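Bear in mind these aren't lab numbers, they're just calculated from the coordinates by the rules spelled out. Predicted model only: the values in this text are computed from it and were never measured. Positions of Cβ are backbone-derived with ideal geometry, glycine not excepted, and every protein chain shown enters the neighbour counts.
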Amino acid sequence: MLEYLENDKEILEILKLELNRQESNLELIASENFVSKAVLQAAGSVLTNKYAEGYPGKRYYGGCEFVDMAENVAKQRLKQIFGAEYVNVQPHSGSQANMGVYMALLKPGDKILGLSLDHGGHLTHGSPVNFSGQIYNAVGYPLNEKTQQLDYNIIEDLAVKEKPKLIIAGASAYSREWDYAKFREIADKVGALLMTDMSHPSGLIAKGLLNNPLPYCDVVTTTTHKTLRGPRGGVIMIGEGRDRENPLGVKTFKGDRLKTMSELFDSMVMPGIQGGPLMHIIMAKAVAFREVLEDSFTDYANQVMKNAKVLAAELMNRGYDIISNGTDNHLMLVDLTQKNISGKKAERILGLAGITVNKNMIPFDTKSPFVTSGMRIGTAAVTTRGMKEAEMKSIASFIDKAIINCDDESVLTSINAEVKELNSKFPLYRQ
Ligand code: DSN
């Protein structure tokens, strides 16, 4: 496909550099993955040309008969994956999906309760630097300091004290399972709505390897590009039998008081917060959803989790503290305090060794978010390349060697060569 860029050498060169980076580095960022060539083809298709504001059968533009078909296929496949009664596949991102939900259900100033950002939560779950913390009155629940895990007593006590309108489950950097039934119980006790943002583990939930929040929540959002391995984007879902009357009586921008949550979500995503949907991305979401429905995706998701467990165990064997002592999903948070290196420096020197991670705050971190005491590691992308337990052992040893020799550039360069050698056995797009 690169031949069409021959006339734009400047951009062609940048694209080749990025392709080469993805092929030759070890991608351990927990929120990233590599899409199939089929997803790439749909994302790069002529559907990018089409304006389709509205929804299938109710658009503001002519010529939408075929993009309507693409959106309907995406919706039907997504419903099948998670057992959803209602889905909206138009949000451009996870943030847009969450914004659509909040603005549909809440009024400015309403209280929301989500996992604190510095304990693994997400920006859009109430961080003061994000719209969610500016428009709404956000309270964060912490992890238990001793177990470094969710503590339902703490969450319940906070919910009782704060009486939020909306409780948010889900995280960006939390490696353990969620008890959605317990969250439902807490939400019911205080009369709150319950939302889960399952962006990180949704691909694992899709195959029944982790608890499914849809039967317990009023609404569930996810991005489509992490463990779900689709194009960048977001979706909103309501589980079977869970759509209900506009719970808090919020009105649309037009002043209508819509009848149900699903009507509110549709109206809030478009025209409320977005204009024309990205129809090429919606078609790419449909392609990815079909891949998720295949049996081979169960093998993939299982391997992602096995790989994460092995990588965590191998790092712990080498004296690394893993927050909560392990992982139930695709990621782990490494506390680097004992290794006398900050997350910032670890990210930089691992980069020199050809290993891509992100610095991350650990619960009760004493360092700033720009420095941090930890790093987050995920196995979704390397598993897509076909890597298994043996390669996880090599990766743990590369990481350890790089951290031990963090000030020795020649060692980092030699690890980089070993990383390239390993990756050459697991080609991505060049096969
Ligand atoms: N930036 C994503 C992550 O890394 O988890 C979430 O938005």
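For the reader, a short list of remarks on this structure follows.
- Between the alpha-carbon centres of segment 398-431 and segment 165-241 there is a gap of 35 Å.
- Among 76-84, 228-236, sorting by the average number of other beta carbon atoms lying within 10 angstrom of each residue, highest first, gives 228-236, 76-84.
- Each Lys and Arg Cβ is given +1 and each Asp and Glu Cβ -1; about its Cα centre, the chain then shows a dipole of about 440 debye.
- Helical segments meeting 20 Å axial Cα length and Kyte-Doolittle -1.0 threshold in the chain (DSSP H): 9-24, 65-82, 279-293, 295-317, 389-404, 409-424
- Taking segment 111-212 and dividing mean pair separation by its residue count, relative contact order in percent (alpha carbons under 8 Å, at least six apart): 25
- Dipole of segment 204-248, positive end: most advanced residue of His225, Gly208, Gly239 [Cβ charges, Cα centre]: His225
- Residues of segment 360-396 with amide N under 19 Å of a point placed 7 Å along Cα→Cβ from Lys306: 378-396
- Of Tyr136, Gln148, Tyr51, farthest towards positive along the dipole that unit charges on Lys, Arg, Asp, Glu beta carbons give segment 1-148: Tyr136
- The length gained by stretching the chain between Ser24 and Tyr429 to full extension, at 0.36 nm per residue less their Cα-Cα distance, is 144.7 nm.
- Segment Tyr61-Thr298, extension gain: residue separation times 0.36 nm, minus the distance between their alpha carbons: 81.4 nm
- Length added when fully stretched, Asn72-Leu15, from 0.36 nm per residue minus Cα-Cα: 17.3 nm
- Contact order relative to length of the chain, as percent, for alpha carbon pairs under 8 angstrom and 6 or more apart: 22
- Amide H within-cut-off set for Ala138, under 5 Å, with H built and near neighbours excluded: Ile112
- Over the residues of the chain, the helix contribution to mean residue ellipticity at 222 nm works out to -12500 deg cm²/dmol, using -39500 (n - 2.57) for each DSSP H run of at least 4.
- At R0 = 35 Å, FRET efficiency that the Cβ-Cβ distance of Arg348 and Lys163 yields, to 0.05: 0.20
- The lysines whose alpha-carbon is closer than 24 Å to the alpha-carbon of Lys146, local same-chain residues fewer than 8 away aside, are Lys161, Lys182, Lys309, Lys339, Lys359, Lys367.
- Remark on Leu193: its backbone amide H falls under 5 Å from those of Leu166, Ile167, a criterion applied only to residues 5 or more positions apart or on other chains, H modelled at 1.01 Å from N.
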